[in-house]
1. May I ask for the angle, rounded to the nearest 10°, between helix 364-381 and the longest principal axis of the chain, with both axes built from Cα atoms and the value confined to 0 to 90°?
2. Which one, Q381, Q189, Q284, has the greatest fluctuation when you compute a Gaussian network model over the chain with C-alpha springs under 10 angstrom?
3. Once both axes come from the Cα atoms, what is the angle between helix 18-30 and the longest principal axis of the chain, in degrees from 0 to 90, rounded to 10?
4. Have a look at H257, H386, H343 and tell me which one the Gaussian network model of the chain (Cα, springs below 10 Å) gives the largest fluctuation.
5. Relative contact order, percent, of region 220-284 when contacts are C-alpha pairs under 8 Å separated by at least 6 residues?
6. With contacts defined as alpha carbon pairs under 8 Å and 6 or more residues apart, what's the relative contact order of the chain in percent?
7. Any idea what the relative contact order of region 1-121 is, in percent, if you count C-alpha pairs under 8 Å spaced at least 6 apart?
8. Assign one of three labels to region 255-376, namely rounded, prolate or oblate, based on the Cα gyration tensor with a ≥ b ≥ c the square roots of its eigenvalues; rounded applies when a/c is under 1.5, prolate when it is not and a/b is larger than b/c, and oblate otherwise.
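The values are calculated or read from the model by the stated rules, or taken from the named source; none is laboratory data. The structure displayed is predicted, hence computed values, not measured ones. Here the Cβ is made from the backbone with ideal geometry for all residues, glycine too, and neighbour counts use every protein chain on show. Surface areas here come from the heavy atoms of the whole protein model, side chains and all, with no ligands, DNA or RNA. Shrake-Rupley method; radii C 1.70, N 1.55, O 1.52, S 1.80 Å.
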Amino acid sequence: MGDILFLTHRVPWPPNRGDKIRSHHILRKLMEFAPVHLACFADDEAEAAETSDLQNGLTSCHIVRRTKPQWMAGIEALVSGKSISVTSFGSKQLQNWIGGLINHGNVDCIFVFSGQMAQYIPDSFSGRVIMDFADVDSAKFESYGDEGYWPMSWINKREGRLLKAFEYKTGARSDKSLFVSTAEAQLFQQRSGLSTAKIMALGNGIDLEFYRPEVVETTKLGGAGPLLVFTGQMDYRPNIEAVASFSKHVMPKILVHFPDTQFAIVGRAPTEAVWGLDGKNGTQVVGAVDDIRTWLKAADVVVAPLRIARGIQNKILEAMAMGKPVVASGDAAEGIDAIHGQHFLVAENIQQEASLICNLLEDPTEADWLGSNAAKLVRDQYSWEHQLFELPGICGLDDHQFAEAAE
């Protein structure tokens with residue numbers, strides 16, 4: 001087998017947010033059995049300057065700093081008839097570098113992580129193309145379009161429509177289209193009509209060595225009462241909406257029964273809307289932390305009350321790996337192979353969220369039992385080695401070739 005070109009919309013290190021965690025571990029796995037070239041974007045100078053041991057093992061690496069403002073991407077999208085998601089990641093510099101590599105290199109397989117990067121697959125490329133969509137982004141924007149007011153509702157509906165067409169074109173062009181869960185894979189197949197043979201689920205995993213509660217120092221965080229924790233990137237719209245809804249509508253119900261309860265929002269880049277929740281209804285906006293595990297270990301309950309969610313929520317798997325009881329919305333729980341009442345609790349509405357959390361706070365023994373079951377499930381089924389077992393075959397490398405490459 002020749003070289004692999006790995007395309008991703010964000011530098012795949014450090015693995016400190018959902019998309020970077022997945023791309024990081026897939027890239028690491030690919031590097032075990034073939035020479036890999038990396039082409040990606042950096043959101044800012046700090047991200048561009050980040051280093052990783054993965055860099056040293058790459059055959060080549062080209063990182064482009066994203067400088068195109070969103071308003072410019074919007075105008076470009078309107079003029080070109082493309083989606084904003086695609087034009088936001090358009091770069092002549094990256095396109096030229098990829099074209100040169102394909103023309104003069106030994107690339108047999110292009111692995112594309114995130115739909116926006118599919119625009120860089122050369123029309124003339126005759127090798128294998130693997131498209132990791134992870135989630136069906138078009139469906140997310142369609143959901144956004146059904147909410148809110150004009151002009152954003154119109155913009156989101158347009159984005160959903162154009163992304164759906166782009167996803168179909170990309171899926172038809174690819175040898176395999178990958179998604180983080182069976183539910184997402186089935187949704188894409190239904191929406192695209194493409195053959196099921198071209199579509200499959202490749203789940204997310206967990207760094208089981210990192211998320212071991214016994215290696216994390218026990219620290220009392222929050223106030224004197226129970227601690228509820230939400231983790232995530234806090235400039236991401238579904239996370240913003242989730243914590244706002246929980247703080248405003250669920251926390252008042254919990255505080256009636258447990259008046260000292262604290263709700264900690266832990267994650268990078270809180271928006272003004274998120275900071276506005278601080279100090280209200282027992283809510284504490286923590287922001288970025290050095291070690292998310294300390295907050296997970298300190299939590300009495302970890303919550304994932306997302307109203308719009310796609311794929312598998314790493315935040316849930318991380319909390320489960322740390323042995324914590326999790327209360328999640330139905331959307332957030334979808335895609336995780338766990339049983340309600342045995343490995344986590346799934347709430348279908350705000351009232352049920354409050355009720356399930358209060359039940360866990362009233363019965364610590366039940367909460368510990370649920371967390372213990374959760375940890376066992378994750379360790380049995382959600383290691384990266386287990387989740388990426390089929391990756392060599394997906395990329396066209398059979399078992400014999402894989403064994404030779406590993407040697």
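1. For helix 364-381, the angle is close to 10 degrees.
2. Q381
3. 50 degrees
4. Largest GNM mean-square fluctuation: H257.
5. Over region 220-284, the number comes to 45 percent.
6. Across the chain, relative contact order equals 14 percent.
7. Across region 1-121, relative contact order equals 33 percent.
8. rounded
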